[in-house]
1. By counting other Cβ atoms within 10 Å of each Cβ, how are 306, 341, 256, 781 ranked from fewest to most?
2. Apply the a/c threshold of 1.5 to the C-alpha gyration tensor of the range 562-623 and tell me whether it is rounded, prolate or oblate.
3. Based on the Cβ-Cβ distance of residue 813 and residue 403, what FRET efficiency does E = 1/(1 + (r/R0)^6) give at R0 = 60 Å, to the nearest 0.05?
4. Name the shape class, rounded, prolate or oblate, that the alpha-carbon gyration tensor gives for the range 417-619, where a ≥ b ≥ c are the square roots of its eigenvalues, rounded holds for a/c under 1.5, and otherwise prolate holds if a/b is larger than b/c and oblate otherwise.
5. Ignoring everything except DSSP H segments at least 4 long, calculate the 222 nm mean residue ellipticity for the chain; use -39,500 (n - 2.57) per segment, divide by total residues, nearest 500.
6. Report the relative contact order of the range 528-635, percent, no decimals, based on alpha-carbon pairs under 8 angstrom and at least 6 residues apart.
7. Under the classification rounded if a/c is under 1.5, otherwise prolate if a/b is larger than b/c and oblate if not, where does the range 91-226 fall, given a ≥ b ≥ c as square roots of the Cα gyration tensor eigenvalues?
8. Using alpha-carbon pairs under 8 Å, 6+ residues apart, how would you state the relative contact order of the chain in percent?
Ligand code: BGC
């Protein structure tokens, strides 16, 4: 394979000092392009990168409905001076977490970029929605769309043009990753749908979405380089961790949700901090130009994560269109003029290093979604109240004289809290329910235990791990400020008073585990003990353990000694090992994740049965921490510059795919969750006759956002009947998993989620559900053909209520 010599192209032309990973080494693999599984497992082919160059950067054509906006963006760009163009592409300190400077002579008031996926991070009088992991646990497309829409209306009313979310990666390769709760599910299919619905919701509300973080960003540890203390942030002690993975895994696991994002016409994507196969994700031309902008047909702009830019020309040629935070930094991007871009970009164009056509395409990519969403007319101004809440660039760092118009401290919450309460309940997974523990039936003596049950005692947000208070959101750039937080203690107490019940509480975990419990509820045995436990996680660090924080296991042990009906509720980032789950006195367990501001009311609704739980786990809960695969790279003892290497040699065995492939028992499997009723599924039938003319490889139609449109064509449809066999009404979530034929290459997981639905069923009712499979759903990525291939032989389609609870199977070959 002939590839342009990127290193040569760049040599001598660089404006700013760049790390060696800029120089991507072109590698020729005749017959087996881009599949580096074996060599990578044994030897590092090159510390500088393994991908061929993907040059030049393709221009946007505004495909998929952006054509008019593209024309306007081109016209607008033509009116800019070179300096203005450079600064549209380069962030500046200002009120928002990311800012593009205004150009008053064109009536352009700049761009305001804001976190994040669960709320407006820098927001007062704004709502805290359910977290993304919660939303994923709902398996509810409508909920995902409405949550995205409502979140975006709040951002818009506060003046944000771009929401920095949703998150398609980390995907949760390891449950220890600190940020998986900011994203959705440890499964590309479910995450893909969550991305798509969220983006559609956000952009229908008029705000640009930003799909982050592209790509293979699966750990916080060493996500950024470490710098010499006296250096100007260009001298590394050690470079950021490199996620090393093969081409098939990249396509079938990590890129998959970003394909959905591109298809949803997401305005922008954020390239990640880590290196990928040796090269920084933000200056990896193969990833950005070839995979993202060419293969996936992404028409919008690529922005750097904050400080993930490590070069001038190299990142520009590699396909990055906007650098953030740009002309100032608390992070890695620091150079003489404050940025690798900015003034340097102007100079690069003037001296011919960067073609003006490339810079024009960057601006056109940035401005097309702006015009497409009508952000040029009657868009709310930035609320001045967001500025002082900006921890990244506080007001004393602003170089530009930002002017604020419009009212400040706007209340943008509307009636969202009602919806958030419903979403919280719809996202709560019932893991265990024995002896009819739930729903509660007017208990008269209730004990509430644990430091997660009461109010937050340390302010409106959770800047760091804190001891007291319900954990309804967690740390990092996804952190939120609560204008109101319903606690389980409040919600359950006011509910219990209606029943004339007594409620006692003990919220100090240290005392609970260190003292005798019974004095609290003597002499009468309580009807129920509700134990609230939590697990914190945050950007910037990975989880150290999967047990519940604040000695959670010991709290349960203390309670079950005295309480025969103990219900455990967790507010957690994701997977926890639950060693107490088999204890006979633990009668029920609920995983409530991070449910946002209505945490208390939402859990009370589920406990009392006002809402019949329907949520399902979007990851696996194993018996032991040691059961999980894909450990993070944490303890590199050598000090070579490029020694941080994370080998994704589990390949496709991510999450349940691994547990299934090795028949490892799990405590609660992916897709599992109980209801107060029971369901059955029968009559799984293929309704589409196997297409007579289906070809193994897709017809190549002109690429649209999302890639080759043929991949999104429905090729196979199945139906099944789902029946409510229990005694109360409720939602069922039937799921469809696909087992590929033996002709698929080795390493293909035994079952992969490829369809689901959420159906309301009155008791005794039966409904038909339909699973439509697209070509991508029944294909694997063929590394030689560099295309999605449907394998020959019989597929097994398995339908049921979790990844291990199949009620009906159908076997069929798709190719004749
Ligand atoms: C995070 C991004 C975030 C950005 C701005 C980075 O550290 O990785 O997700 O949007 O900061 O706060």
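Throughout, read-outs are computed from the coordinates displayed, never taken from laboratory work. In this text the structure is predicted, and so the values were computed from the model without any measurement. Backbone-built Cβ (ideal geometry, glycine too); neighbour counts: all protein chains shown.
1. Values: 306 26, 341 33, 256 20, 781 23.
Starting with the residue having the fewest Cβ neighbours, the order is 256, 781, 306, 341.
2. Details: a/c = 1.89, a/b = 1.16, b/c = 1.64.
It comes out oblate by the Cα gyration axes.
3. Numbers: r = 66 Å, r/R0 = 1.10.
With R0 = 60 Å, the Cβ-Cβ based efficiency is 0.35.
4. Details: a/c = 1.45, a/b = 1.26, b/c = 1.15.
It is rounded, given that a/c, with a ≥ b ≥ c, falls under 1.5.
5. Values: 17 runs with 161 residues, N = 816.
About -5500 deg cm²/dmol.
6. Numbers: 131 pairs, mean separation 27.3, N = 108.
Answer for the range 528-635 is 25 percent.
7. Values: a/c = 2.13, a/b = 1.36, b/c = 1.57.
In terms of gyration-tensor shape, oblate.
8. Values: 2122 pairs, mean separation 123.8, N = 816.
Relative contact order, the chain: 15 percent.
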